[in-house]
1. Only Cα pairs within less than 10 Å get springs; with that Gaussian network setup on the chain, which residue of 114, 101, 75 has the largest fluctuation?
2. Is segment 10-119 best put as rounded, prolate or oblate by its Cα gyration tensor, with a ≥ b ≥ c the root eigenvalues, rounded for a/c under 1.5, and otherwise prolate when a/b is larger than b/c, oblate when not?
3. Can you pull the one-decimal nm distance between simple spin-label points at residue 12 and residue 89, each 7 Å off the Cα toward Cβ?
4. Among the lysines, which fall within straight-line cross-link reach of residue 57, defined as a Cα-Cα distance under 29 Å, with same-chain neighbours fewer than 8 residues apart omitted?
5. How far apart, in nm, are the 7 Å Cα→Cβ label points at residue 3 and residue 113?
6. R0 = 25 Å: FRET efficiency of residue 122 with residue 32, Cβ-based, nearest 0.05?
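The numbers here are math on the coordinates, done by the rules we state, and not lab data. All figures in this text were calculated on a predicted structure; none of them were measured in a lab. In this analysis, Cβ positions are derived from the backbone assuming ideal geometry, glycine residues included, and neighbour counts consider all displayed protein chains.
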Amino acid sequence: MQHKIATGNTVDSAHQQDRSGWFVGQFMPVNSPANTRDVEIKWGVHAAGDTNEGFCKNRTAKTVSILIEGRFSLTFQGPDGSQTVMLERKGDYALWDAGITHNWAALEDSVVLTVRWPSLPHDHVHENSTDE
């Protein structure tokens, strides 16, 4: 059995336009040990004021976002209304199930580690997407 090793820098990966900080998952090159359908991992570097466009959700994957530094908010919408979670202290996290719509905003320059499982193509969709 051939063992593969991948090295890199998550900060550098965060600045790559094609992956926006994601460095483990099914979207990585096939011959890389970082290619897996089991999990996706992102090192998100966000400037104060950054936000995603509208709400999105994952059809299948669960997600956890962990604050490394900064201040970050996550807003969730569900059948029972909306809830905003503030990640303010190093190590604060939010974990949510598939199908929960969410968006985020960096309230200060922030670094957030996000993990999703499993890693499936086209699982992440925007709230108003007709691709469901």
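1. In the Gaussian network model the winner is 75.
2. Oblate, since a/c reaches 1.5 and b/c is not below a/b.
3. Between residue 12 and residue 89, the simple spin-label model gives 3.5 nm.
4. Here the lysines satisfying the reach criterion relative to residue 57 are 42, 90.
5. Spacing of the two 7 Å Cα→Cβ label points: 2.2 nm.
6. That gives a FRET efficiency of 0.75.
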